[in-house]
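Read the structure below first, then the notes.
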């Protein structure tokens, strides 16, 4: 069944409000529940898992430096409705349905970070080895930015996020509010995910690779998932009626695998004003943006000269295919009042990291491998999740990581706790490569193309403890492209624990 495009209006995720006070700060309650969700006018409602029963989950709007607490609770069934491969890490000898929430982009304390092994089952009956507490604390000390929260349970992240466990989290501040950018109803979040559906309208996720070998288990993890439809805010190919004026769009690529080249039909230019870690210093005029899973981009689009027209947001990688369209903007609403918004030449200040302060340079390879069943397995430095920790920076230290992609595919690399800057990119022959527009902003996830080496610089603060870093193609993260990251306290002595200290 081929679904008709642009027949459903774009929904806007609701804003969640705190329920009460906890330790003198706002406390939010979020329940993970199974429910039904209608993705398209012509599809029956499909079974999903949603935060507070919503897909995407409710949006947090919080003030910078205003601490909050969130009680995340699991009210999901004991059996998964998507195919669970019980041969991969985390899924072996553990309950089938486990959840843990990671606030992606947040410098959270280790026991509130959503460590993959801090999982918990329904009503906290069983918990993982890193589980510490039921109520998470978020200081919200970072710059104004668009974060997102999603499931991070070891070995089933790809399934839980695809089932619906993802939502937006905005940090606001006074500086951002003083800028003359589009505001209020002219600032619109767009959570973009690809999905496929069974003939009965239920969510489809493959139970095994297309050409399985005889000895692989069933169900079996797949190396990638590309859906044949695109959803925005939980609707397949929606439309949005807009006024002939400027709009600000906060785009999140929440897909499992797919990297998009965001562009508008007729190559309409637009402005990139922010990335994962908030506003750029200066806007960049672009005609397209390459955005891999988990990356966020903040853009301003001017519809003022397009009155009466319909404009498509498209995936430039997929033009000509059914999934090439993402959504439609119909410039059909009358102008409510004159548009006084503009894109200022100076947006913010990003504190530079000096190369003179670098304590260590790490060269880290991204590699193809095979597991015991002969399946493709992606690794860092030929190490699995269970191998001893090798990335052990000191608290407060600055490091450069050279990410060397020896595979042909794209890998979005995400490092918990920190934001980083992209220094430069090189091709497989060592030639300098043109930076991506998003490279000029603060990042927590970086697109590393096939054969490329990308150098990033970051300062490990403000907490020490156990974190992780991984590829954010969720099928890769689950098998086995994720490694532990331990931030050591400043007074750590390599002499007293030399076996643990890689420096």
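Would you check if residue 99 is closer than 15 Å to residue 155 by Cα and surrounded by fewer than 20 Cβ atoms within 10 Å (Cβ to Cβ)?
Details: closer than 15 Å to residue 155 by Cα: yes; surrounded by fewer than 20 Cβ atoms within 10 Å (Cβ to Cβ): no.
Criteria not met by residue 99.
Of all residues being in contact with a helix residue (DSSP H, G or I) (Cβ under 8 Å, 6 or more places away or on another chain) and not in a loop (DSSP other than H, G, I, E, B) in the stretch 58-87, which is surrounded by the fewest Cβ atoms within 10 Å (Cβ to Cβ)? Just the residue, please.
In this case the residue turns out to be 73.
Give 142, 117 a once-over and let me know the one that is outside the structural domain of residue 459 (by TED's automatic domain parsing), out of contact with any helix residue (DSSP H, G or I) (no Cβ under 6 Å at 6 or more places or on another chain), buried (at least 16 other Cβ atoms within 10 Å of the Cβ) and under 20 Å from residue 65 (Cβ atoms).
Criteria check complete, one pass: 142.
For residue 235, which of the numbered conditions (1) in contact with a helix residue (DSSP H, G or I) (Cβ under 9 Å, 6 or more places away or on another chain); (2) within 22 Å of residue 4 (Cα to Cα) fails to hold?
Failing condition for residue 235: (1).
Would you call residue 2 within 25 Å of residue 200 (Cβ to Cβ), surrounded by 15 or more Cβ atoms within 10 Å (Cβ to Cβ) and not assigned by TED's automatic domain parsing to the domain that holds residue 326?
Here the answer is no, as residue 2 does not meet what is asked.
What about residue 131, is it surrounded by fewer than 22 Cβ atoms within 10 Å (Cβ to Cβ), over 30 Å from residue 279 (Cβ atoms) and without any contact (Cβ under 8 Å) to a residue 40 or more places away in the chain? Let's see the steps before the verdict.
Working: surrounded by fewer than 22 Cβ atoms within 10 Å (Cβ to Cβ): yes; over 30 Å from residue 279 (Cβ atoms): yes; without any contact (Cβ under 8 Å) to a residue 40 or more places away in the chain: yes.
Here the answer is yes, as residue 131 does meet what is asked.
Let's see how each residue does on (1) buried (at least 20 other Cβ atoms within 10 Å of the Cβ); (2) in contact with a helix residue (DSSP H, G or I) (Cβ under 9 Å, 6 or more places away or on another chain):
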| residue | (1), (2) |
| --- | --- |
| 374 | no, no |
| 387 | no, no |
| 401 | yes, no |
| 424 | no, yes |
| 440 | no, no |
| 448 | yes, no |
| 454 | yes, yes |
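Name the residue, out of 295, 328, that is in contact with a strand residue (DSSP E or B) (Cβ under 6 Å, 6 or more places away or on another chain), closer than 30 Å to residue 459 by Cβ and touching a residue at least 40 places away in the same chain (Cβ under 8 Å).
Within the list 295, 328, the selection yields 295.
Answer yes or no as to whether residue 372 is outside any strand (DSSP E or B), within 30 Å of residue 137 (Cα to Cα) and without any contact (Cβ under 8 Å) to a residue 24 or more places away in the chain.
For residue 372, the condition - outside any strand (DSSP E or B), within 30 Å of residue 137 (Cα to Cα) and without any contact (Cβ under 8 Å) to a residue 24 or more places away in the chain - is not met.
Report whether or not residue 153 is touching a helix residue (DSSP H, G or I) at 6+ places or on another chain (Cβ under 7 Å) and in the same structural domain as residue 30 (by TED's automatic domain parsing). Spell out how you get there, then give the answer.
On the way: touching a helix residue (DSSP H, G or I) at 6+ places or on another chain (Cβ under 7 Å): yes; in the same structural domain as residue 30 (by TED's automatic domain parsing): yes.
So residue 153 passes the test.
Residue-wise test of (1) within 15 Å of residue 111 (Cα to Cα); (2) at pLDDT 95 or above; (3) assigned by TED's automatic domain parsing to the domain that holds residue 162.
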site: 462; (1), (2), (3): yes, yes, no
site: 472; (1), (2), (3): no, yes, no
site: 476; (1), (2), (3): no, yes, no
site: 479; (1), (2), (3): no, yes, no
site: 483; (1), (2), (3): no, yes, no
site: 493; (1), (2), (3): no, no, no
site: 497; (1), (2), (3): no, no, no
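So that you can scan it fast, the table gives a plain yes or no per residue for (1) in a loop (DSSP other than H, G, I, E, B); (2) modelled with pLDDT of 95 or more; (3) assigned by TED's automatic domain parsing to the domain that holds residue 308; (4) loosely packed, with under 14 Cβ neighbours inside 10 Å:
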site	(1), (2), (3), (4)
337	yes, yes, no, yes
345	yes, yes, no, yes
350	yes, yes, no, no
359	no, yes, no, no
366	no, yes, no, no
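Results for (1) without any contact (Cβ under 8 Å) to a residue 24 or more places away in the chain; (2) within 30 Å of residue 243 (Cα to Cα); (3) surrounded by 20 or more Cβ atoms within 10 Å (Cβ to Cβ), shown as yes or no for each residue.
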| position | (1), (2), (3) |
| --- | --- |
| 151 | no, no, yes |
| 154 | no, no, yes |
| 157 | no, no, yes |
| 167 | no, yes, yes |
| 178 | yes, yes, no |
| 182 | no, yes, yes |
| 186 | no, yes, no |
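The values are calculated or read from the model by the stated rules, or taken from the named source; none is laboratory data. Quantities reported herein were computed from a predicted structural model and do not represent experimental measurements. So basically every Cβ, Gly included, is an ideal-geometry build from the backbone, and we count neighbours across all protein chains shown.
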